[in-house]
Every structure is written in structure tokens, then in C-alpha cells.
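Quick note: the coordinates plus some simple rules give every number you see, no bench work behind them. All values reported here derive from a predicted model rather than from experimental measurement. Glycine gets a Cβ as well: all are built from the backbone with ideal geometry, and neighbour counts include every protein chain shown.
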């Protein structure tokens, strides 16, 4: 007995050391990794405006992972804004994942099976990426692992109500972190419900006693379940109505879900195609074998709490997969792809380690499957080990370095006090994050564009954008080795120093010598100009808007500067800048400066409009506003 206790303690010590190393890895990456597009979008649009659920849902609102946003609001209040602070909730989730994964496997047959199983559950490099990012995916996985751990305790300890309740609470919280886990939450509650019902039916009690006992055992879990559905389902339907659930596949479950998540798990490490296909085949074989094993135990009436839990894992994996297929055909929802299907990887890995543990009870040699799998995953993890990028947003990994390079080399035209950066579709939110957090108002708010504009002051391009094109007109500032992105500027930058048009709004004669934009004003006083031939003979130019602004509350300063162009066919250019980016402090005057290149399609007769938009009914004071149209001398 003493030897067994010593063995258990030494095993726990090894697991603790491995867990500390894994947590140190994700924590250090949380500190050093550049902000990614989705993280930046969540901060700029929800966290800093303290919006947990928007009043009106729009297309990008699925990016708002509710629990993650709520926690980030509180953490940024306490500690300020940085990549690390925004990622603290995910690091807590990683701790939960590590602790609960050990709790699940600590009762396995041998020390090496425990260690191997723990590593199988924790060494997927794609999953580890998300524990270093400010996304709800990590939190949902950590909380889901807690829910599964209590589901295991529920089955193992005789269907105790406290374990069922804890499993449902963790499942509900996991769903608030990421709505995709709603599939898991519904299935896990269903398992608890029917297992409890089966236990009560098998008991030697009267019908009345059975009914009362069942009601008492399931009532609290049921309350948690239905309250959660009442809160979460309306949000899910609003997201669907707003077209926000656009991320996914439309082919089939195999191609979109199974193949994308397995391909992501390979982490682009260049394994042979035959090996990848073989691995996918082995995964299907193991799932079918585990199902046959559980089926055999049930038919031969040799079930116990361990193989029943294996059966529960198989039902979770199978029914969650089936539910996505059913939802696709009934509601037209897209199939889960890559990161949205990560929870299925966790369920599969749990199924694998519990299946091998059950087989090892009958034949110890089968434990070698876990050991071989573990050795491959250790190798795979070491090959993917890096402090530079995450796979899903690899192209964003150099943004922080690019901003630092830009600070060192920038040359700001005197006539406008800021620079424009042309960027492709994948960089706008990351750059705007650093611009806002570090108060880099000398960088103009960046807007994504599909067409390269060589009239920009600087360009930050992905390899495919400049490959095969004549880039002789550009001076390369830096080529970033990891992504091959380039930071460049025109060799002969355009000189937009001639003022073609100038208009000024001065509010010195108004009450308080300032213009007040409040809850009554959505579209504030601004500029409306009809383009004429004297301005657009060369169709090149730049619009410069500036204003002196002040707010009473930094939180309630979610207004926008809008510059737009339209013609007889309607709006064809619409650019915005966040007023909040320019605010230094409340009750302090600040300068808001926003510049936009004149679109090439602009012709005489088009309308240029510039105004402050107040969709959130916040309050802003404006001392003066100016608009200039600059062009070549």
C-alpha cells in the first residue's frame, strides 16, 4: 500500500512538472505574441466600449465571445490594456484544462499510462495556441474539461446530484465562452437526465417514490440547463438573423469538420500525404473499435462505471458531430471548421485514452498504443514549438515588429501630420489595436483594401500581393523572415501639399463656444461638398479632416469620424475613424486627425461628405472642425 502511495505521489509530481512547463509555454507566448486580428477586433469593438451584448446584432458580432469579453472588461479596468492582460482569462482556462485532465486520468492502470494519457490530452499544438490568445475558445475548452470531469464523477460515484449540478454549471459557462459548445452542453445534460432516469427506474421503489426521487435529483441541473438556454438561444438566433454565423463550411462533415481540424492539428509541419491519410483512418478505426467494445460490454452485461463513461464519451463525440449535420440540414447552419471544431478533438482524445485504459485492464500490452501516440505527440509538439506565431493567424505575427520599425523610420508629411498605410484584408484590426493602445495617432486609422494603392505613404503587404508584380517604385524597409511580409514606401512619395479646397467650422459664437453632440444628435454638423473639375483633373489627392474634441466620459465616447464619397449610383467609398482613439483624458481637449486618399473613381459631380456619426448616443464637445482637399502642387 505504501509503495502504491509513493508511486501515486511521484506520478503526481511528474504530472505537476509537465503541467508547469506547458503553462509556462502558453504564458510566455501570451506575453510576447503579436495581437491577432480577432483579438484586436474584440478589444476595439467590445472590451474597450464595455459592450457585453450589443443592442443590435451585426455581421461581426459572433466575434464577441461573451464570457471572455466580460472578464476582459474587468481585467483591463484593473491592470490596463496589453496583450498579456487580455489573455489572462485564457491562461486561467489552461490551468483548468491541465488540472481537470489530470483528475480524469489519475486513476489509470499504470504510472506510464497516466503520464502518456495526460500528454495526449495536452500536447496538441493547435489547441495550445488558443490558450495563449484572448479568445473564448480556450475558456470553453477549460470549462468543458471541468464539466466532463464532473460527469465522470457523476457516473463513478453513483449519480450524485452535486456532480450533475457541477457538470451542468461548467457546461453552461463553457457555452457562454463559445456558443459552438452548446452542442456539448445539450448532449451532456441529456446524458445526465437519462442516466438519472435509468437509475431511478431500476430502483425498488413505488412509482410515487421514484417520481419524487427523480425530481429531486434532476431539478437543479434542469434549472441551470433551461435558464442557460433561455439566455443563450435568443442570442444565437439573433446572430443567425444578422448573418454573423458565416464562418464555416458548406460541403459535408468529413471535408469541412473532420479534415480541417485534423489538418490544423498537423500544424503545417509537412508530414507526407499518406501519413496524414493513414492517421485519419486510424482515428476512425479507433472510434469504431471503442464503440464495438462498449457495445460488447453492454450486450454481455459486463458494464462498470469506467466503460460506461467511455460510452458516454462516445455518445458525446457522436451526437455532437451528428447535431452539426442535423443543424446544417434543418437550419442551414454551416459545418464547423478548424478552430470551431476543437472541442471535438478534446472529446476524441478523451475517448482514446479511456479506451486504451479499458483495454489495458484485459491486456497490459495494449497500453503501448498510448505510449506510441504520446511519443509521436511529444515529437510533434517539439517540432511546432515556437514563440513567434500561432497557426491560425500566422500572417499577423509580425505586426508588432512592423509598428516598431515604422516608429524608427517614419517620415510624416508636414501638411497633414499623419501617415497612411496600405494594408491587405488581414492586418487592419491588429494595426488599429496598437494605434489605439499606444496612442499612435500619427498613424492614420487603417482600412483594408484588395487593390494595392501605391499612393499611400507606406505599404505593409503579404507575399502574394507583391509576387509577380513590378514593385520597382517601392523602397523595401524590411522583409519579415517568418511570414515574408514586407514593409515598404514609395521611392517617390506623392507631394500632396497644395490645398485645393478648405472649409472650417468654428463654434466660437455658439453657447459655451463649442458644439455639443449628445443623445439627440446621430449625424452631427459637418461638411458636404460637390466635387468640381477644378479639383479633380488628375484624380489624385488626399482628404484631411481635423477637429478639436473633448468628452466627459472616456467610456462613453464611442463616436466615429466618417468620410464618404457617393455619386448618382450611391455610396462607393466609406471610411471611418474612432473618436475614442484620439482621446487623451476626460475633460481635456484633443485633436482628432483623419486622412483619406481620394478614390480613383472620383469625378466631377460626386459628393464628398465628412461628419461625426453618433450611433450610440454618446456625448462629445467640438471646438472647431476643418476639412482640406490636398493635391499635387
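Both radii are taken from the alpha-carbon atoms of the stretch 498-631; with Rh as the Kirkwood radius, Rg/Rh is 0.99. The share of alpha-carbon pairs in the stretch 406-448 lying farther apart than 17 Å comes to 29%.
Report the extension gain between residue 271 and residue 366 in nm, rounded to one decimal, defined as 0.36 nm multiplied by the number of residues separating them, less their alpha carbon distance.
Between residue 271 and residue 366, full extension yields 31.6 nm more.
Sorted from fewest to most neighbouring beta carbons within 10 Å, what does the list 443, 368 look like?
368, 443
Do you know the relative contact order of the stretch 398-490, to the nearest whole percent, from alpha carbon pairs under 8 angstrom that are 6+ apart? With pairs under 8 Å counted, the relative contact order is 28 percent.
Note on the stretch 148-219 and the stretch 566-595: Cα centroid distance 53 Å, given to the nearest whole angstrom. Taking the C-alpha atoms only, the angle from helix 66-79 to the longest principal axis of the chain is near 60 degrees. Each residue of the stretch 498-558 gets 142 Å³ once the volume of the Cα convex hull is shared out per residue. A crude spin-label estimate for the pair residue 589 and residue 263, with each label 7 Å from Cα along the Cβ direction, gives 5.7 nm. Using alpha-carbon pairs under 8 Å, 6+ residues apart, how would you state the relative contact order of the chain in percent? Rounded, it is 13 percent for the chain.
Round to the nearest 10 and give me the degree value, 0 to 90, for the angle of helix 136-156's Cα axis relative to the longest principal axis of the chain. Roughly 10 degrees between the two axes. Over the Cα atoms of the stretch 398-490, the radius of gyration divided by the Kirkwood radius equals 0.92; this is the Rg/Rh ratio.
Taking 25 Å as R0, compute the FRET efficiency from the Cβ-Cβ separation of residue 12 and residue 304 and round it to 0.05. Before the final figure, lay out the partial values.
Numbers: r = 25 Å, r/R0 = 0.98.
Computed FRET efficiency for residue 12 and residue 304: 0.55.
Return the distance in nm (one decimal) between the two label points of a simple spin-label model at residue 203 and residue 405, each offset 7 Å from Cα along Cα→Cβ. Computed distance between label sites residue 203 and residue 405 equals 6.9 nm.
For residue 255 and residue 382, a Förster radius of 25 Å and the Cβ-Cβ distance give a FRET efficiency of 0.25, rounded to the nearest 0.05. Let me know the shape class of the stretch 1-150, please: from the alpha-carbon gyration tensor, a ≥ b ≥ c as square roots of the eigenvalues, rounded when a/c is under 1.5, otherwise prolate if a/b is greater than b/c, or oblate. Prolate, because a/c is 1.5 or more and a/b exceeds b/c.
From least to most packed, judged by other beta carbons within 10 angstrom and beginning with the fewest, 342, 195, 383 follow the order 383, 195, 342. Each helix, a run of at least 4 DSSP H residues, gives -39500 (n - 2.57); summed and divided by the residues of the chain, these come to -16500 deg cm²/dmol at 222 nm. Residues within the reach of a label modelled at residue 247 (point 7 angstrom out along Cα to beta-carbon, backbone nitrogen below 14 Å), restricted to the stretch 309-350, are 334-343.
The order of 391, 213, 165, going from fewest to most other C-beta atoms within 10 Å of their C-beta, is 213, 391, 165. The C-alpha atoms of the chain define a longest principal axis, and helix 428-437 lies at about 80 degrees to it. Summarising the label geometry, the points placed 7 Å from Cα in the beta-carbon direction at residue 160 and residue 473 lie 7.3 nm from one another. Normalised by the number of residues in the stretch 179-311, the average gap of Cα pairs under 8 Å and 6 or more apart makes the relative contact order 13 percent. Global size of the stretch 230-324: 18.0, 51 Å for Rg and Dmax (C-alpha atoms, Rg to one decimal, Dmax whole). Taking a ≥ b ≥ c as the square roots of the eigenvalues of the Cα gyration tensor, an a/c ratio of 1.5 or more together with a/b no larger than b/c marks the stretch 56-100 as oblate. Overall shape: oblate for the stretch 184-295, with the ratio a/c of the largest to smallest alpha carbon gyration tensor axis at 1.5 or above and b/c at least equal to a/b. The simple Förster model, with R0 at 35 Å and r as the Cβ-Cβ distance, assigns residue 55 and residue 220 a FRET efficiency of 0.60.
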